[in-house]
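Below is one structure, written out as structure tokens; the observations come after it.
The values are calculated or read from the model by the stated rules, or taken from the named source; none is laboratory data. Predicted model only: the values in this text are computed from it and were never measured. Cβ sites come from the backbone with ideal geometry, for glycine too, and all protein chains shown count toward neighbours. To get the accessible areas, we keep the full protein, side chains included, count just its heavy atoms, and leave off ligands, DNA and RNA. Shrake-Rupley method; radii C 1.70, N 1.55, O 1.52, S 1.80 Å.
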Amino acid sequence: MESDQRRVISLLVDNQSGVLARVSSLFCRRGFNIDSLTVSATNDPAVSRITVTITSDEKALQQLVLQTERLEVTRQVFVLDSEKSLERELLLLKVESDVHNRTELREIACIYKAKIIDLSPDSMVFELIGRPDKLDAFLKMFEGYNILEQCRTGVTAPVSYTHLRAHETEAD
């Protein structure tokens, strides 16, 4: 029996009001929980990109793709291969800090190539951009610290990227 796995779907849709509601409503009606969702402009002002991350098996995914393609606002639907796609997310993480743990927190940031974008006497804010698994690993390093706030954008990925993951830089 095939197990559920993380799937990234990229949709090119008409850039008009109500499109996001129609697409997300379709996912909801089909019983899918959306793990992440991003919407962005494209190089064509008449077209927007919606990138959705869900957990699904192959059969349910194919049914969802067929129904999404039938929406009149949908121009194209792509299911991205996580091993061959260039996926990125942005994480902003605010962590409680003081003079006793600030050096440890800076070391973690350095290892993951995260930026410290704000520093106050009682907290630090980190910015990290990378693949979802890199952000997950970074967050795991902070399990013993008091996380004050966390914001994560969700996956975005170009469809035309075809290089294998081995070609990505170590910084990713």
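Structure notes:
- Gained length - Glu127 relative to Arg102, 0.36 nm times residue gap less alpha-carbon distance: 7.4 nm
- The chain, helix-only ellipticity at 222 nm - DSSP H runs n ≥ 4, -39,500 (n - 2.57), divided by all residues, nearest 500: -7500 deg cm²/dmol
- Solvent exposure of the chain as accessible area per residue, Å², 1.4 Å probe: 58 Å²
- Normalised contact order of region 51-133, rounded percent, pairs of Cα under 8 Å and 6 or more residues apart: 29 percent
- Across the chain, Cα pairs under 8 Å and at least six residues apart give a relative contact order of 27 percent.
- Among the GluC sites (Glu not before Pro) in region 1-94, those placed in a DSSP loop whose Cβ has at most 13 other Cβ atoms within 10 Å are Glu2, Glu72, Glu83.
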